[in-house]
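Following: one structure in structure tokens, then a few remarks.
The values are calculated or read from the model by the stated rules, or taken from the named source; none is laboratory data. Worth saying up front: this structure is predicted, and the values here are computed from it rather than measured. Here Cβ is always computed from backbone atoms with ideal geometry, including for glycine, and neighbour counts include all displayed protein chains. Side chains are part of the model used for accessible areas, which takes the heavy atoms of the whole protein and leaves out ligands, DNA and RNA. Shrake-Rupley method; radii C 1.70, N 1.55, O 1.52, S 1.80 Å.
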Amino acid sequence: MTSTAQRAELQAQIWKIANEVRGSVDGWDFKQYVLGTLFYRFISENFSIYIQGGEKSIIYSELSDDIITDDIKIDAIKTKGYFIYPSQLFSNIAKTANTNESLNTDLKNIFTAIESSANGYPSEQAIKGLFDDFDTTSNRLGNTVKDKNKHLAAVIKGVEGLNFGNFEDNHIDLFGDAYEFLISNYAANAGKSGGEFFTPQCVSKLIAKLAIHKQDTINKIYDPAAGSGSLLLQAKKQFDEHIIKDGFYGQEINHTTYNLARMNMFLHNVNYDKFNIALGNTLLEPHYRDDKPFDAIVSNPPYSINWVGSDDPTLINDDRFAPAGVLAPKSKADFAFVLHALSYLSSKGRAAIVCFPGIFYRGGAEQKIRKYLIDNDFVETVISLAPNLFFGTSIAVNILVLSKSKKDNKIQFIDASGVDFYKKETNNNILTEEHIEAIIKMFDRKEDIEYVANSIDYDAIVENDYSLSVNSYVIAKDTREIVDITELNAEIKATVSKIDKLRIEIDKIVEVIES
């Protein structure tokens, strides 16, 4: 099945499930149940494949729980990070979903058991709380147990109906595609709770390619505002498994999205010992200080959110912010994320960060931070993207590429906001593979291209008040129609002459009528 066919089937099936539960579960809450069920099915099938070990004579789902020994369970937990008994597998629950009068509590107990199986093992933190947002006893599913079970069964049977074979053999990003489809259809409800800060796969791919460009090996990759983990996982797709040596790191403040990120890692066969996703406020409670530096950093932090800033006098002494000599404004934390990323970046690495355009030209503290970045030659490239690439917002964002190993003191500016660099698809614009490759090619070559790309000397940027706004350095092509003034004047003269003649003819007609 082609990727287009798989994606169409996925979307049709999700929409079918949505119709089954419409009027009961709010659209944005509904996503938790679809994604959670996808995850439950995946880990069930993945775990069964592991236990069966290629033995066609063994069908794990048909075995009795009683034959599971402590040794089998312990070995599985040490390898996979969790344990699922045959009776707890998705396939066995799906068989009786429509008739199981205790479906909601059975699921709750299964999810608790899966999470608890990791207690006391190295995988405990990676597994703990994964199903917190899949609340099978919530009144959002219905006021009665019967209603809850009916809607849960609809979701389970719908996900069971997805016929993609082995998850890992799919041509599409099943989890990412499902998330994007849900966000695009419930964007009004999503708002800043998910749609605006979810990074579409096409943008994720571009950011990942920029961060890892021409790095043969990477020690580890980090996202300080990890979201659902899509940026980290796009980097994985660019490399084979052995190039990113020490794994995937991220921090996320939203509990629901934090759970999705961990689920996403498992869904992409990133084992628990190869990822470390933390919950918390990156700016005030940063993790991984002992794990830095990172050779690749990717991020789409929230735009212009409030933070404590100068109200906390200790922050100016924080080693992330102190070198700039000033904190990001309290009402605009954008540069706080940028400085945080820079402090975690290795001497050979790159950071590619989605940024709101305003931070590149405003004055005050933001100008001072730009001065620090430019004077120390940390800014490699600023790329302006097309508008309407993100769900729930039409903002035309920029990508800031930071490097600590630049070979010159020029900064490259790329205007990729024109019609040659996006394609309109449904309600949003997208970047195709050709668009992404064209941008990467310009980024790599650092050649000046009229109306599109320009590399600017340090002195010229200083003279321009340390502005990093792309349109200050890349002159947009004038697409207005060129008018020949001499020709236009001749046409106007001829038109006036015709009007004068017409008036004379009209006057003669009026005289005849009145006489």
Matching residues, the range 424-454, being touching a residue at least 40 places away in the same chain (Cβ under 8 Å) and in a strand (DSSP E or B): Asn428, Asn429, Ile430, Ala453, Asn454
message: Can you say whether Ser310 is surrounded by fewer than 18 Cβ atoms within 10 Å (Cβ to Cβ) and either in contact with a Lys or Arg (Cβ under 8 Å, 6 or more places away or on another chain) or part of a strand (DSSP E or B) (or both), as far as the supplied structure shows?
response: yes
task: Of the conditions (1) under 18 Å from Tyr33 (Cα atoms); (2) modelled with pLDDT of 95 or more; (3) open to solvent by less than 60 Å² (accessible area, probe 1.4 Å), Phe134 clears all except one; give me its number.
output: (2)
field: Residues located in the range 199-214, provided they are modelled with pLDDT under 90 and among the aliphatic types (A, V, I, L, M)
entry: none
- request: Return yes when Lys441 is closer than 30 Å to Cys202 by Cβ, modelled with pLDDT of 80 or more and surrounded by 14 or more Cβ atoms within 10 Å (Cβ to Cβ) and no when it is not.
  value: no
statement: Contact list, first residue from the range 256-271 and basic (Lys, Arg), second anywhere and open to solvent by 10 Å² or more (accessible area, probe 1.4 Å), beta-carbon distance below 8 Å, six or more apart or interchain, is Arg262/Ala126; Arg262/Phe275; Arg262/Ile277
- prompt: Which of the residues that make up the range 326-352 are touching a residue at least 60 places away in the same chain (Cβ under 8 Å) and either over 16 Å from Asn376 (Cβ atoms) or of a type outside the set (A, V, I, L, M) (or both)?
  reply: Phe337, His340, Tyr344, Ser346, Lys348, Gly349, Arg350, Ala352
task: Name the single residue, out of those in the range 215-240 being surrounded by fewer than 22 Cβ atoms within 10 Å (Cβ to Cβ) and polar (S, T, N, Q), that is modelled with the lowest pLDDT.
output: Gln238
- line: Being touching a helix residue (DSSP H, G or I) at 6+ places or on another chain (Cβ under 7 Å) and either open to solvent by 50 Å² or more (accessible area, probe 1.4 Å) or at pLDDT below 75 (or both) narrows Glu115, Glu196, Glu124, Glu160 down to just Glu160
message: From the list Ile243, Ile253, exactly one residue is in contact with a Ser or Thr (Cβ under 8 Å, 6 or more places away or on another chain), touching a residue at least 12 places away in the same chain (Cβ under 8 Å) and open to solvent by less than 40 Å² (accessible area, probe 1.4 Å). Which is it?
response: Ile243
- request: Could you list all residues from the range 326-376 that are open to solvent by 20 Å² or more (accessible area, probe 1.4 Å), under 18 Å from Trp307 (Cβ atoms) and in a loop (DSSP other than H, G, I, E, B)?
  value: Val326, Leu327, Pro329, Lys330, Ser331, Lys332, Phe356, Arg362, Gly364
task: From (1) open to solvent by 50 Å² or more (accessible area, probe 1.4 Å); (2) of a type in the set (Ser, Thr, Tyr); (3) closer than 24 Å to Gln201 by Cα, pick out the condition that doesn't hold for Tyr451.
output: (3)
- prompt: Taking the range 378-423 as the region of interest, how many residues are open to solvent by less than 40 Å² (accessible area, probe 1.4 Å), out of contact with any Asp or Glu (no Cβ under 6 Å at 6 or more places or on another chain) and part of a strand (DSSP E or B)?
  reply: 16
- request: Report yes if Lys56 is at pLDDT 95 or above, surrounded by fewer than 19 Cβ atoms within 10 Å (Cβ to Cβ), of a type in the set (Lys, Arg) and within 30 Å of Lys274 (Cβ to Cβ), otherwise no.
  value: no
